[in-house]
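Student: Below: one structure in structure tokens.
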Amino acid sequence: MFDPHEQMHPDVEDIDLVEIAEYIIPDNPDAARAVLEAIRDTFLILAREPLLGTEYHPIRQVLRGIRMFTVTAYPNYLIYYRPLPDNTGVRILYVLNAARDAGTYVREQPRQ
């Protein structure tokens with residue numbers, strides 16, 4: 001079972017999801033809730049199927065092994081995560097809008 005406190009970098013909740021909500025809420029609070037719910041539902045899917053996403057091929061060696069998965073209901077949002085050993089779940093590292101430059105963001109916000 002996905003335990004967000006153990007298997008999610010704290011900045012995902014404190015920064016990424018807050019920024020997403022703050023961007024959407026002024027125009028449509030209901031949409032913001034729906035997007036965040038879809039993102040959290042996707043966390044659960046990834047916890048059950050850790051290799052579901054596409055392997056991300058960064059230049060920086062420290063980011064090797066990270067995978068990326070699109071939030072199906074809202075494909076403008078991407079989840080970057082690392083499968084845990086023996087496919088026992090995932091560690092969520094980033095949730096970003098697809099328009100953002102992921103490479104720049106991970107350099108500015110390193111997470112493990």
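The values are calculated or read from the model by the stated rules, or taken from the named source; none is laboratory data. Just so you know, these numbers come straight off a predicted model, no measurement behind them. All Cβ positions, even for glycine, are placed from backbone atoms using ideal geometry, and neighbour counts span all protein chains on display.
Student: When you scan segment 21-57, how many residues do you find that are of a type outside the set (A, V, I, L, M) and over 21 Å from Ala102 (Cβ atoms)?
Tutor: Count: 10.
Student: Would you tally the residues in segment 5-35 being part of a helix (DSSP H, G or I) and either on the phi > 0 side of the Ramachandran plot or over 11 Å from the mean Cα position of the chain (by Cα) (or both)?
Tutor: Result for segment 5-35: 20.
Student: Right, here's the next one. Out of (1) among the hydrophobic types (A, V, I, L, M, F, W, C); (2) assigned to a helix (DSSP H, G or I); (3) modelled with pLDDT of 85 or more, the odd one out for Val62 is which?
Tutor: Here Val62 clears every test but (3).
Student: Looking at Gly53 and the list (1) over 20 Å from Pro10 (Cβ atoms); (2) surrounded by fewer than 18 Cβ atoms within 10 Å (Cβ to Cβ), which single condition is not satisfied?
Tutor: In the conditions (1) over 20 Å from Pro10 (Cβ atoms); (2) surrounded by fewer than 18 Cβ atoms within 10 Å (Cβ to Cβ), Gly53 misses (2) alone.
Student: Restricting attention to segment 36-53, does a residue exist that is of a type in the set (Ser, Thr, Tyr) and within 30 Å of Asp86 (Cα to Cα)?
Tutor: Yes, there is a match, as at least one residue in segment 36-53 is of a type in the set (Ser, Thr, Tyr) and within 30 Å of Asp86 (Cα to Cα).
Student: Report yes if Tyr74 is assigned to a loop (DSSP other than H, G, I, E, B) and of a type in the set (Phe, Trp, Tyr), otherwise no.
Tutor: Judged against the criteria, Tyr74 is a match.
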